[in-house]
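Contents: one structure, followed by commentary.
The values are calculated or read from the model by the stated rules, or taken from the named source; none is laboratory data. What you see is a predicted model, and the numbers here were worked out from it, not measured in a lab. Quick reminder, even Gly has a Cβ in these numbers, built from the backbone with ideal geometry, and neighbours come from all protein chains shown.
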Amino acid sequence: MALGDKSLDLESNINLTPFVDLMTTLLIVFMITTPLMQYGMDVNLPKAKTPIMERTQKDIVLTIQRDGSIYIGDDKTPVTLGFLEEKLKSIYEGKENKDLYIKADESVLYGRVISIMAAAKAAGVERIGMITQPISVKEEKNSTDDRKSPANK
């Protein structure tokens with residue numbers, strides 16, 4: 001082996017092409033699936049003409065399903081009304097932002113929602129917001145047409 005013979009030198013390069021292909025594929029998959037993800041429990045929200053609020057992942061959402069069962073956040077374990085105040089106290093303890101958003105099914109009794117709101121206030125929640133389904137332009141037009149109809153007079 002001669003001193004100037006470079007034919008036996010090894011080159012150690014990492015081939016990044018498969019890695020870049022994999023990362024691009026994963027990026028595309030996550031870009032498609034992330035907007036489709038729905039957070040929390042599934043309920044049939046009442047419709048209302050209200051401005052759209054921006055929520056963050058830190059916001060606490062309390063869900064009341066049709067049967068009256070209560071869920072906090074993404075937890076699939078129902079909370080009883082008797083234990084709700086204690087649970088909310090532990091969640092909001094030491095928190096600066098004491099806002100709670102309630103997402104109740106439209107068929108839940110008004111009294112049930114009021115009882116839950118009272119328990120939240122007793123737990124130290126300062127502001128309570130109600131989450132509704134926005135009314136579409138078509139639905140809004142139909143509701144104004146119904147009010148103008150001679151049959152409704």
(request) Consider Thr17 carefully, then state whether it is surrounded by 10 or more Cβ atoms within 10 Å (Cβ to Cβ), farther than 16 Å from Thr132 by Cβ, modelled with pLDDT of 75 or more and out of contact with any helix residue (DSSP H, G or I) (no Cβ under 9 Å at 6 or more places or on another chain). (result) no
(message) Tell me yes or no: at least one residue of segment 38-57 is at pLDDT 80 or above and polar (S, T, N, Q).
(response) no
(message) For the structure I just gave you, tell me whether Tyr101 is modelled with pLDDT of 70 or more, in contact with a Pro (Cβ under 9 Å, 6 or more places away or on another chain) and among the aromatic types (Phe, Trp, Tyr).
(response) no
